[in-house]
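Written out below as structure tokens is the structure these notes cover.
The values are calculated or read from the model by the stated rules, or taken from the named source; none is laboratory data. Model, not experiment: these values are computed from the prediction. Virtual Cβ from ideal backbone geometry, glycine too; neighbours counted across all protein chains shown. Heavy atoms of the whole protein, side chains included, go into the accessibility calculation; ligands, DNA and RNA do not. Shrake-Rupley method; radii C 1.70, N 1.55, O 1.52, S 1.80 Å.
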Amino acid sequence: KQEVTQIPAALSVPEGENLVLNCSFTDSAIYNLQWFRQDPGKGLTSLLLIQSSQREQTSGRLNASLDKSSGRSTLYIAASQPGDSATYLCAVVHTSGSRLTFGEGTQLTVNP
Amino acid sequence: GAGVSQSPSNKVTEKGKDVELRCDPISGHTALYWYRQSLGQGLEFLIYFQGNSAPDKSGLPSDRFSAERTGGSVSTLTIQRTQQEDSAVYLCASSRSGGSSTDTQYFGPGTRLTVL
């Protein structure tokens with residue numbers, strides 16, 4: 001059974017800092033890995049999707065990497081801003097199906 | 001274009017009553033998913049529809065839960081004889097095709113269900 005773990009569970013940083021969120025998964029047979037953002041009381045917003053054959057994806061100040069063989073992904077946020085405060089979730093799709101298996105999330109607070 | 005929409009946004013019901021939750025996927029998306037987000041359980045998969053294929057119901061927690069998708073578009077999740085442990089946010093997502101390396105799932109805002 002696929003298990004996804006995110007570390008840390010919570011993170012508080014001052015504005016302007018660069019930061020890294022970590023995600024690990026137990027089964028490397030995946031189609032892709034997605035990073036999502038969730039604001040309080042809202043749904044999920046897709047940030048980045050990394051295909052199993054890719055090593056990284058970039059969007060603006062966000063960069064996500066994938067090391068499928070070791071079962072790890074990182075989300076790098078450059079020059080953090082208070083508007084980045086949210087819960088960040090990573091999720092994988094196993095090659096046996098289409099469902100997303102989610103981690104528990106990292107709650108990020110960026111202080112002005 | 002329009003994203004995934006869900007209704008109602010909030011639903012409060014009494015234990016034992018039936019509820020229906022609705023999801024309108026992005027137009028043209030053939031794959032539709034239901035997930036549940038509850039305290040202590042995180043986000044968990046419930047059911048998946050792909051085109052005209054039989055749905056993957058393997059995530060439904062009990063036979064009180066059912067879902068249908070009419071005309072390959074709108075989906076309804078029904079919970080019969082609701083229990084307090086059913087209280088959660090129910091999220092719907094859709095994607096273009098399902099089950100490929102490039103397939104991004106887009107989520108709706110969710111329905112917050114409270115069972116008293």
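If you take the beta carbon distance between B:Asn52 and A:Leu19 as r and set R0 to 45 Å, what does 1/(1 + (r/R0)^6) give as a FRET efficiency, to the nearest 0.05? Don't skip to the answer; put the middle values down first.
Details: r = 45 Å, r/R0 = 1.00.
About 0.50, to the nearest 0.05.
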Worksheet entry | Cut-off under 5 Å, modelled amide H: who pairs with A:Tyr31 long-range | A:Val93, A:His94, A:Thr95
Worksheet item: In nanometres, what is the gap between the two model label sites at A:Ile7 and A:Gln81, each 7 Å from Cα along Cα-to-Cβ?
Response: 3.1 nm
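How big is the dipole moment of chain B about its Cα centre under a simple scheme where the beta carbon of each Lys and Arg is +1, that of each Asp and Glu is -1, and everything else is neutral? Debye, nearest 20, please.
Numbers: 11 positive and 11 negative charges, 29 e Å.
Dipole about the Cα centre, nearest 20: 140 debye.
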Response to the item:
Partner shielding of A:37-49, as the mean number of partner chain Cβ atoms within 10 Å, equals 4
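Please average, across the residues of A:100-106, the number of beta carbons from any other chain that are within 10 Å of each residue's own beta carbon, and give a whole number. Write out the running numbers ahead of the final one.
On the way: counts 10, 4, 6, 2, 4, 3, 0.
If you average over the peptide's residues, the count of other-chain Cβ atoms is 4.
Using 0.36 nm per residue, how much length does the chain from B:Lys17 to B:Ser100 gain when fully extended, once their Cα-Cα distance is taken away?
Details: separation 83, 0.36 × 83 = 29.88 nm, distance 3.84 nm.
My answer for the length gained is 26.0 nm.
Quick one: dipole size for the protein assembly as shown, taken about the Cα centre, charges +1 on Lys/Arg Cβ and -1 on Asp/Glu Cβ, in debye to the nearest 20.
300 debye
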Practice prompt. Under 16 Å Cα to Cα from B:Lys11, which lysines show up? Leave out anything in the same chain fewer than 8 places away.
Written response: A:Lys42
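Taking every DSSP beta bridge with both residues inside the range B:3-116, roughly what % is antiparallel (nearest 5)? Show your work: numbers first, answer last.
Numbers: 34 of 38 bridges.
Expressed as a percentage, antiparallel bridges in the range B:3-116 total about 90.
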Fill in: Scattering curve values for the protein assembly as shown, log₁₀ I(q)/I(0), Debye with Cα scatterers, q = 0.07, 0.09, 0.15 Å⁻¹
-0.22, -0.37, -1.00
Item to complete: Using a Förster distance of 22 angstrom, determine the FRET efficiency expected from the C-beta separation of B:Ser7 and B:Asp63, and round it to 0.05.
Response: 0.35
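Looking at the range B:1-73, which GluC sites (Glu not before Pro) are DSSP coil and have at most 14 other C-beta atoms within 10 Å of their C-beta?
On the way: sites: B:Glu14, B:Glu20, B:Glu44, B:Glu68; in loops: B:Glu14.
Filter output for the range B:1-73: B:Glu14.
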Worksheet, complete the sentence: With the full set of protein chains present, the residues of the range B:60-109 whose 1.4 Å probe accessible area falls by 50 Å² or more relative to the chain alone are B:Gly99, B:Ser101, B:Gln105, B:Phe107
Discussion item. Below 8 Å, C-alpha to C-alpha, sequence gap of six or more: please give me the relative contact order for the range A:15-95 in percent.
Written reply: 44 percent
Worksheet item: Along each of its three principal axes, how wide is the spread of alpha-carbon positions in chain A, in whole angstrom units, largest first?
Response: 44, 28, 20
